[in-house]
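This report refers to the structure that appears directly beneath it.
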Ligand SMILES: [Zn+2]
């Protein structure tokens, strides 16, 4: 697996390579746990196994990544917030992030409901 450092987002696994925010270098413990998470994703296309990994983040106590840590890192590195976007840029292309889409789907349904009720 190839690892590339970029200056936005936090971490993404594209099946054949992993992109990491280069500023994670300054947070070795977080970098280690994030890399471990990304490496536990399957190689190739995003699968149910990957979805479960992302939604439950069932890591051991030692490998836990808290939302607070991620939030603090993102405040220091505002470009990291793009990680929250359901469409994600890489090398001039845009990728859908399936787990994030699923996380947002309840919000989207509520928004669609509100829009429909307006008419
Ligand atoms: Zn993941």
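No value in this document is a laboratory result; all are computed from the given coordinates. All figures in this text were calculated on a predicted structure; none of them were measured in a lab. When we count neighbours, we look across all protein chains shown, and the Cβ atoms used for this are built from the backbone with ideal geometry, even at glycine.
Restricting attention to the chain, close to 60% of DSSP beta bridges with both partner residues there are antiparallel. Distance between the modelled labels on residue 3 and residue 47, one decimal in nanometres: 2.3 nm (7 Å Cα→Cβ projection). Using R0 = 30 Å, the C-beta based FRET efficiency linking residue 72 and residue 108 works out to 0.60. Between the range 36-52 and the range 78-119, how many Å separate their Cα centres? Answer, in whole Å: 20. Test of understanding: extend the Cα→C-beta vector of residue 79 to 7 Å, then name every residue of the range 7-27 with backbone N under 18 Å from that spot. Counting only backbone N, you get 7-13, 18-27.
As a proxy for reagent exposure, ranking 84, 55 by other Cβ atoms within 10 Å from fewest up yields 55, 84.
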